[in-house]
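Okay, so here's the structure we're looking at.
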Amino acid sequence: MSKAFKPWYESLFENYARRYDQESFTKGTLGECDFIEKELNYNKDLKILDIGCGTGRHSIELTRRGYRVTGIDLSESQIARAREKAREENLQIEFLVHDARNLPFSNEFDVALMLCEGGFPLMETDEMNFEILQNASKALKPNSKFIFTTLNGLFPVFHSVEEFHQSTNEENDAVYHSNTFDFMTFRDHNITEAYDDDGNKKILECNERYYVPSEITWLLKSLDFKKIDIYGARLGEFSREHKLTTKDFEMLVIAEK
């Protein structure tokens, strides 16, 4: 019997937890949590859902600071590592394996986080990506806040995605090459090479959806978010002072119900 096909994002994150924690994009956690705290007015009574939490870096840091966080991720190995890290620090955090397109939560959380492409916008179709936004919205109470980052569609219109990755890659990072950006679908197709936690090399054909601000605004308005602000997302330096430009690879979205 042949093996069932797995999407690239599932294959990538199999046995890829310790290596994930060495990626350069994971180094901005403290500054990003500083921003989140400020957005929440330091209210530790709020219940937070961390969607696509990976190995739990934001969930763990926020819990250290006294917040109540539930972390979910599709990857069993990432969740296993998150639980291990929480145990090492004697932190009580609920880490659960769930598909962000089909969450079991309804009207339960005051805040949803989805940082560093936590599922959205990695899905194969726009409909699947939208399901993630729908489920995040469904999980939230009235008068709640949704903070997430996603790929900025303005960037590849003016710049090369492959050159950006080459200029920012560090020693332990996955390598992206053979990038081709499709202006009809706003998807970047590439070959991703990474080593898993046992040192085995993965070579995957990947594609990610880039969004322009007006798309994100429309999608969120269709889910009854009333106030939507979009900024440039800078590693470890999230701020409402960073106006989104064509030079920002990612955008920071802050939506309120």
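The values are calculated or read from the model by the stated rules, or taken from the named source; none is laboratory data. Owing to the predicted nature of the structure, the values given are computational and were not obtained by experimental measurement. When we count neighbours, we look across all protein chains shown, and the Cβ atoms used for this are built from the backbone with ideal geometry, even at glycine.
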Name the one entry in Asp248, Asp224, Asp198 that is in contact with a Leu (Cβ under 8 Å, 6 or more places away or on another chain), in a loop (DSSP other than H, G, I, E, B) and acidic (Asp, Glu).
Asp248
Quick one: which residue in Glu250, Glu241, Glu256 is within 17 Å of the chain's Cα centre (by Cα), under 27 Å from Leu30 (Cβ atoms) and not β-branched (Val, Ile, Thr)?
Glu250
Kindly indicate whether Arg83 is among the basic types (Lys, Arg), touching a strand residue (DSSP E or B) at 6+ places or on another chain (Cβ under 8 Å) and more than 29 Å from Phe249 (Cβ to Cβ).
yes
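Can you tell which of Glu163, Glu215 is in a helix (DSSP H, G or I), charged (D, E, K, R), out of contact with any Phe, Trp or Tyr (no Cβ under 8 Å at 6 or more places or on another chain) and in contact (Cβ under 8 Å) with a residue 24 or more places away in the chain?
Values: Glu163 fails: in contact (Cβ under 8 Å) with a residue 24 or more places away in the chain.
Of the residues listed, the single one that is in a helix (DSSP H, G or I), charged (D, E, K, R), out of contact with any Phe, Trp or Tyr (no Cβ under 8 Å at 6 or more places or on another chain) and in contact (Cβ under 8 Å) with a residue 24 or more places away in the chain is Glu215.
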Before we move on, is Phe120 closer than 20 Å to Glu256 by Cα, modelled with pLDDT of 95 or more and out of contact with any Asp or Glu (no Cβ under 8 Å at 6 or more places or on another chain)?
no
Are any of the residues in region 205-227 more than 30 Å from Phe109 (Cβ to Cβ), loosely packed, with under 14 Cβ neighbours inside 10 Å and under 20 Å from the mean Cα position of the chain (by Cα)?
yes
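Applying the selection to region 206-219, what residues are of a type outside the set (Ser, Thr, Tyr) and in contact with a Ser or Thr (Cβ under 8 Å, 6 or more places away or on another chain)?
Within region 206-219, Cys206, Arg209, Ile216 meet the criteria.
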For region 1-103, which fully contained helices (runs of 4 or more DSSP H) count at least 2 residues that are crowded, with 16+ Cβ neighbours inside 10 Å and touching a helix residue (DSSP H, G or I) at 6+ places or on another chain (Cβ under 8 Å)?
29-39, 57-64, 76-88
I'd like the residue in region 182-197 that is surrounded by 14 or more Cβ atoms within 10 Å (Cβ to Cβ) and of a type in the set (Ser, Thr, Tyr) and, out of all such residues, is farthest from Glu127 (Cα to Cα).
Tyr195
In the set Lys201, Lys145, Lys247, the lone residue that is in contact with a strand residue (DSSP E or B) (Cβ under 6 Å, 6 or more places away or on another chain) and loosely packed, with under 13 Cβ neighbours inside 10 Å is Lys201
Region 104-116 - residue that is in contact with a Ser or Thr (Cβ under 8 Å, 6 or more places away or on another chain) and part of a loop (DSSP other than H, G, I, E, B) and, of those, modelled with the highest pLDDT
Leu115
